[in-house]
1. What translational D, rounded to a whole number of µm²/s, comes out for region 340-390 from Stokes-Einstein when the hydrodynamic radius is the Kirkwood one over Cα pairs, at 25 °C and 0.890 mPa s?
2. By DSSP, what percent of the beta bridges with both residues in the chain are antiparallel, rounded to the nearest 5?
3. Starting from the exponent 0.38 and prefactor 2.2 Å, build the expected Rg for region 109-231 from its residue count and divide its actual Cα Rg by it.
4. Diagonalise the Cα gyration tensor of region 248-402 and give the resulting equivalent ellipsoid semi-axes, square root of 5 times each eigenvalue, largest first, whole Å.
5. At 222 nm, what value in deg cm²/dmol follows for the chain if DSSP H runs of at least 4 each add -39500 (n - 2.57) and the sum is divided by all its residues, to the nearest 500?
6. Can you give the accessible area per residue of the chain, in Å², using a 1.4 Å probe?
7. With the calculation restricted to Cα positions, what are the radius of gyration and Dmax of region 183-336 in angstrom?
8. For Lys366 paired with Glu47, estimate the spin-label separation in nm (one decimal), with each label point 7 Å from Cα along the Cα-to-Cβ line.
Amino acid sequence: MDLEFSPQDQAFRAEVRRFLDEHLPQHLREGMRGTPGVFVEPDIGGEWQAILHAKGWLAYNWPVACGGTGWTPIQRYIFEKECALADAPSLPVLSLKLLGPVICRFGTDEQKARILPRILDGTDFWCQGFSEPGSGSDLASLRTRAERRGDHYVVNGRKLWTTHAHHATHIFCLAKTDPAAKPQRAISFLLIDMAQPGIEVRPIIGLAGDHEVNEVFLDDAVTPASELVGEEGQGWTIAKFLLENERGGACHAPKLLSDIARLRKAAGAEPDGKGGCMSDNPHYMARLARVELEAQALEMTEMRVLAEMAKGLPPGPQTSLSKLVASTLRQQVDGLAVQLYGYAGIALEGQRPLYGNQAPPALHGKDAQLAAPRYLNSRAWTIFGGTNEVQRNIIAKTVLGL
């Protein structure tokens, strides 16, 4: 694989850098740096989404026919890397990177014309209704039921760990439409409006005090039959396509490497308790170097996947490897931040938000203030999108043939 960018890609990178310099406001950069959760809050991500939508750069992982940019996989990588280096806010993953490609692939023409523009302009904000109590890693065992009654479905069940459901206008949901069928053939993919009496959202507060995930109760919730994506019983196939995009549809290494570079710079100023600074601590710097090398190796793996995608091939099971490594590295990087800032790094600031004019004063700097909540929130990385144990099983079966 040629690791040098072509002249066209180098020109594209320069264009992206100019755009970020000119159009990414400082308050959004600070907002991103001050977000301790896994997902950026809508007040930050929504503003950046509008800027990219106006530029025509928002749906860069959608097909051109659905409003995509037509970028090559390498250009997508360049864009994500430059955004990470510039502290650009992350975009609404559930709407843009998960549901959007599903509608492009499996949706009807009517669904594409109606749903995709409302994702792009921010009118609709989607959450994901997959996991349930007792049905997380074993998703095929889900118990939510959707019963067809004339021209609509009536949905009953309970969804768990539903990120940003308290902000969402709609939920894309897996439900059993044929309980007599085998588990993988019983599930369908439905789109449901959240603004109805049959849906209740209850918050789940994380260890750091952040409200990111929720429990969603569906009690005779109603959705038109036209909101079925694909065919009845095709939900498992669609879910696998979606999860493949979730695990491999983004590049994790650029953000990890950006955060590692920030830690390396801060180590030159943080005291080590012995009259020197943390950059003089050989044990800490060795750990940081090891994580950096593993992140660079992940970057090469992600680029190999992109090279295959550039040939028209799907991401494939290799995305499980990327998800497994990225999740572990994310937790290690956040652990190194806590170690770097010492007592200041383990102090948990409970007030939210940690950015903007309403943020509490940072007694030892903003990065130190964020260390503990980020460390606690990143525990979720090895769970969501399929636990690390699930990823190892996928790699063993489909990559190694064990």
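1. Details: Rh = 12.2 Å.
This corresponds to a translational diffusion coefficient of 201 µm²/s.
2. On the way: 31 of 36 bridges.
That works out to approximately 85 percent antiparallel.
3. 1.05
4. Gyration-tensor ellipsoid for region 248-402: 33, 18, 14 Å.
5. When only DSSP H runs of four or more count, the value is -14500 deg cm²/dmol.
6. Here the per-residue accessible area is 46 Å².
7. Answer for region 183-336, Rg first and Dmax second: 21.9, 69 Å.
8. Taking the simple label geometry, Lys366 and Glu47 are separated by 1.2 nm.
The values are calculated or read from the model by the stated rules, or taken from the named source; none is laboratory data. Remember, it's a predicted structure, so these values are computed and weren't measured experimentally. FYI the Cβ positions are ideal-geometry reconstructions off the backbone, even for glycines, and counts take in every protein chain you see. What goes into the accessible areas is simple: the full protein's heavy atoms, side chains included, and nothing from ligands, DNA or RNA. Shrake-Rupley method; radii C 1.70, N 1.55, O 1.52, S 1.80 Å.
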